[in-house]
Amino acid sequence: MAQKKKQYKLPSKILIGGIEFKIILKDIEDFGIMDFDARVIYIRESLTREEQLDTLLHEVHHAALGISGLSNIINDDNTEEALVRLVEHMVVPVIKEEYKKFIKRK
């Protein structure tokens with residue numbers, strides 16, 4: 001009997017640089033929002049599972065910039081967003097594709 005593929009489900013929390021952030025699915029206008037002070041990442045609940053994962057990775061990058069202190073140096077929301085999108089659109093797809101290949105050979 002063929003096994004059913006398990007679908008990805010967002011975790012309820014995630015460690016970023018040793019700091020715990022809650023992950024909350026919520027009816028929001030944006031795809032995601034990272035509240036650094038509250039240590040919460042909100043993800044739009046109506047997104048597909050893959051969109052939720054991509055949004056989580058996007059918001060994790062924002063959190064990493066905040067934790068590292070780089071957000072303070074950048075001190076410009078447009079520049080920070082451009083850096084996050086660079087990773088989101090040019091690095092993450094490569095990682096996802098290579099990980100798929102890795103898993104298939106495991």
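Looking at Ile67, is it more than 28 Å from Lys6 (Cα to Cα), surrounded by 12 or more Cβ atoms within 10 Å (Cβ to Cβ) and touching a residue at least 12 places away in the same chain (Cβ under 8 Å)?
yes
Between Leu47, Leu57, which is in a helix (DSSP H, G or I), of a type outside the set (D, E, K, R) and modelled with pLDDT of 95 or more? Steps first, answer last, please.
On the way: Leu47 fails: in a helix (DSSP H, G or I).
Of Leu47, Leu57, the one residue that is in a helix (DSSP H, G or I), of a type outside the set (D, E, K, R) and modelled with pLDDT of 95 or more is Leu57.
Considering each residue of the range 43-80, count those that are touching a strand residue (DSSP E or B) at 6+ places or on another chain (Cβ under 7 Å) and aliphatic (A, V, I, L, M), and give that number.
Number satisfying all stated conditions: 6.
Might you let me know whether the range 53-64 holds any residue that is more than 12 Å from the chain's Cα centre (by Cα) and farther than 18 Å from Lys9 by Cβ?
No; the residues of the range 53-64 include none that is more than 12 Å from the chain's Cα centre (by Cα) and farther than 18 Å from Lys9 by Cβ.
Looking at the range 21-29, can you tell me whether even one residue there is on the phi < 0 side of the Ramachandran plot, in a loop (DSSP other than H, G, I, E, B) and surrounded by 11 or more Cβ atoms within 10 Å (Cβ to Cβ)? First the steps, then the outcome.
Applying the first criterion (on the phi < 0 side of the Ramachandran plot) to the range 21-29 yields 21-29.
Of the ones still in play, those that are also in a loop (DSSP other than H, G, I, E, B) are 27-29.
Filter again for surrounded by 11 or more Cβ atoms within 10 Å (Cβ to Cβ), leaving 28.
Taking every residue of the range 21-29 in turn, at least one turns out to be on the phi < 0 side of the Ramachandran plot, in a loop (DSSP other than H, G, I, E, B) and surrounded by 11 or more Cβ atoms within 10 Å (Cβ to Cβ).
List the number of the failed condition for Asp37; all other conditions in (1) part of a strand (DSSP E or B); (2) surrounded by fewer than 14 Cβ atoms within 10 Å (Cβ to Cβ) hold.
Condition not satisfied by Asp37: (1).
The values are calculated or read from the model by the stated rules, or taken from the named source; none is laboratory data. These numbers were taken from a predicted model, which means no experiment stands behind them. All Cβ positions, glycine included, derive from the backbone under ideal geometry; neighbour counts span all protein chains shown.
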